[in-house]
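Participant: Dropping the structure in here first, questions after.
Derivation of every value follows stated rules applied to the coordinates shown; laboratory data play no part. No experiment lies behind these values; they were computed from the predicted model shown. Here the Cβ is made from the backbone with ideal geometry for all residues, glycine too, and neighbour counts use every protein chain on show.
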């Protein structure tokens, strides 16, 4: 029984060390992905800013969750900028819409854009929620096994 | 300068935090407002685009500092004026606003 406790403790320590080593790299990747989703002029700035932001978060899981929320921020920032860009008037000589239908045209485009960005936002929110849920379950699992291991080793100590 | 941003409670909280401590970075604003990065950064970008906020990198080279630089935010004169104008409408909802 003592041997099982030692092995379990060892395995848990390895899992914990691996998770601690991988989470910062995973967080960096998430932030790069979030920055990549932005307009080119914002990418570099937001990447550096978010990398700094997550460093200020406490604990091991804190930066990871902050990184996931940066991904959500990039989803929320992007539609505003795309909408602003798409609503620029057509270049001279290329306007194929009669002036009387311009308002209707832009209204339709806005509706379409709103619908698309809402769907995209929903999808990414689901992905973030699943990722966060998985990370939280893993943390709970590790904590639970640690508690069990300490219970087993505590129960066997004289 | 872009279009006029909506003045929501979150916007007011961000402006309030920055008026209390000018030159704060994202994590400091998160600490004082309780807004997560998912809500905070879209607001910061909107306000900066509208000219209500100004931002600048902290001095120093990231290679020398050994870490990414902070981006410090301050409320511009326009932002301060807009915040004072709009806070009247929101002040019953937020007890913290005391600019009026």
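Participant: Given labels modelled 7 Å from the Cα in the Cβ direction, how far is it in nm from residue A:114 to residue B:65?
Facilitator: It is 4.0 nm.
Participant: Please arrange B:73, A:106, A:141 by counting, for each residue, the other beta carbons lying within 10 Å of its beta carbon, fewest first. Walk me through the numbers before you get to the answer.
Facilitator: On the way: B:73 24, A:106 14, A:141 11.
The order, fewest Cβ neighbours first, is A:141, A:106, B:73.
Participant: Please average, across the residues of B:49-60, the number of beta carbons from any other chain that are within 10 Å of each residue's own beta carbon, and give a whole number. Kindly include the intermediate steps, with their values, before the conclusion.
Facilitator: Numbers: counts 3, 0, 0, 0, 0, 0, 2, 0, 4, 1, 0, 0.
Mean partner-chain Cβ count within 10 Å for B:49-60: 1.
Participant: Take every Cα pair under 8 Å in the range B:9-90 that's 6+ residues apart, average their separations, divide by the length, and report that relative contact order as a whole percent.
Facilitator: It rounds to 34 percent for the range B:9-90.
Participant: Something else now. Between the range A:117-158 and the range B:11-62, what's the alpha-carbon centroid distance in Å?
Facilitator: 31
Participant: Find how much the distance from residue A:138 to residue A:36 grows on full extension, using 0.36 nm per residue of separation minus their present alpha carbon separation; answer in nm with one decimal.
Facilitator: Extending this stretch completely gives an extra 34.0 nm.
Participant: What is the helix-to-structure angle for B:37-49, meaning the angle in degrees between its Cα long axis and the longest Cα principal axis of chain B, kept from 0 to 90 and rounded to the nearest 10?
Facilitator: 80
Participant: Partner chain Cβ atoms within 10 Å, averaged over the residues of A:67-78 - can you pull that number for me?
Facilitator: Partner Cβ neighbours, averaged per residue: 5.
Participant: Here is a follow-up. Give me the distance in nm between label points sitting 7 Å out from Cα along the Cα-to-Cβ direction at residue B:74 and residue A:16, one decimal.
Facilitator: 4.6
Participant: When you look at the Cβ of every residue in A:37-47, what mean number of other chain Cβ atoms sits within 10 Å?
Facilitator: Taking the mean over all residues of the peptide, I get 1.
Participant: While we're here: Mean 1/r over all different Cα pairs, inverted: what Kirkwood radius does the range A:6-72 give, in Å?
Facilitator: Kirkwood radius, the range A:6-72: 12.8 Å.
Participant: If you don't mind, there's one more thing I want to ask. Treating the angle as unsigned and between 0 and 90°, give the value, to the nearest 10°, between the Cα long axis of helix B:9-20 and the longest Cα principal axis of chain B.
Facilitator: The helix B:9-20 is inclined about 60 degrees to chain B.
Participant: Also, quick follow-up: As a footprinting exposure proxy, order A:54, B:14, A:142 by other Cβ within 10 Å, with the fewest listed first.
Facilitator: Values: A:54 25, B:14 28, A:142 14.
Exposure proxy ranking, most exposed first: A:142, A:54, B:14.
Participant: Another one. How would you rank B:75, A:6, going from fewest to most other Cβ atoms within 10 Å of each one's own Cβ?
Facilitator: Fewest to most other Cβ atoms nearby, the residues stand as A:6, B:75.
Participant: Of all the Cα-Cα pairs you can form in the range B:9-90, what percent are over 15 Å apart?
Facilitator: Working: 1842 of 3321 pairs.
Value for the range B:9-90 (Cα pairs over 15 Å): 55 percent.
Participant: Between 0 and 90 degrees, rounded to the nearest ten: what's the tilt of helix B:77-90 against the longest Cα principal axis of chain B?
Facilitator: 40
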